[in-house]
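> Once you've had a glance at the structure underneath, I'll fire off some questions.
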Amino acid sequence: MSTVERPRLSFWQKLYLPEIFRGLVITFRHLVEPRKFTLRYPEEKPVLPRGYRGAPTLVRDDEGREKCVACSMCEVVCPPKAIRIQPAEIQDPNSKIERYPEEFQINMLRCIFCGLCEEACPENAIVLLQDFSLADYTREELIFDKRKLYELGGTIPDPIKKWKRK
Ligand code: SF4
Ligand code: SF4
């Protein structure tokens with residue numbers, strides 16, 4: 001256990017009113033000075049740093065095929081259990097892949113944008129966008145299904161072409 005020293009106040013700080021006046025001076029200075037930190041959101045959007053973690057989405061390869069193989073790694077690793085996957089078997093004997101997600105849901109009300117799903121995915125099939133503004137009118141609309149996740153994620157090039165026949 002450590003003891004935190006109480007800061008010693010100067011005579012003027014003990015008078016209290018000068019500190020209030022000093023605070024007001026700072027407030028008025030920000031009123032007249034050019035804006036530095038405040039944005040008129042949502043008209044102005046912030047410039048986000050590279051690697052910013054926003055909403056997770058699913059992506060297709062450059063031939064429009066879903067990259068996800070329904071391995072459920074992301075579902076297992078997700079801390080708030082925001083992901084639900086219903087896998088299905090691929091019947092084609094020539095397919096290089098055995099499973100695909102029949103249904104894939106991400107509950108954006110639960111998601112904490114941690115990025116663990118993206119890190120765990122062996123297929124780079126789930127990526128985090130920079131989208132952080134997900135407001136809607138009902139809770140149901142914030143449970144994104146597979147169609148919506150692919151709509152948001154779009155496509156990324158995949159040099160492996162795993163869906164090609166053997
Ligand atoms: S970003 Fe984190 S919380 Fe959101 S779905 Fe992925 S693992 Fe779950
Ligand atoms: S998104 Fe990736 S980790 Fe999640 S089930 Fe699909 S392939 Fe597996």
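> Fully extended, how many nm does the chain gain between Glu5 and Gln86 (0.36 nm per residue separation, minus their Cα-Cα distance)?
Length gained between Glu5 and Gln86: 23.5 nm.
> Sticking with the crude label model, points 7 Å out along Cα→Cβ, report the distance from Glu43 to Ser72 in nm, one decimal please.
Between Glu43 and Ser72, the simple spin-label model gives 5.1 nm.
> Calculated from DSSP H runs of 4 or more alone, at -39500 (n - 2.57) each and per residue, what is the 222 nm mean residue ellipticity of the chain, nearest 500?
Per the formula, -6000 deg cm²/dmol.
> Provide Rg over Rh for the stretch 82-160; use the alpha carbon set for both Rg and the Kirkwood Rh (inverse mean inverse pair distance).
Expressed as Rg/Rh, it is 0.99.
> Which is farthest toward the positive dipole end of the stretch 15-166 among Pro101, Pro157, Gly64, measuring Cα position about the Cα centre, with Cβ charges +1 (Lys, Arg) and -1 (Asp, Glu)?
Farthest towards the positive pole: Pro157.
> Give me the percent relative contact order of the stretch 34-166, please, defined on Cα pairs under 8 angstrom at least 6 residues apart.
35
> Still on this structure: Quick one: Phe144, Phe21, Phe132, fewest Cβ neighbours within 10 Å first, how do they rank?
So the residues, fewest neighbours to most, are Phe21, Phe132, Phe144.
Read-outs: derived from the displayed coordinates by stated rules, not from any lab. All values reported here derive from a predicted model rather than from experimental measurement. For neighbour counting, all protein chains shown are included, and Cβ atoms are generated from backbone atoms with ideal geometry for every residue, glycine included.
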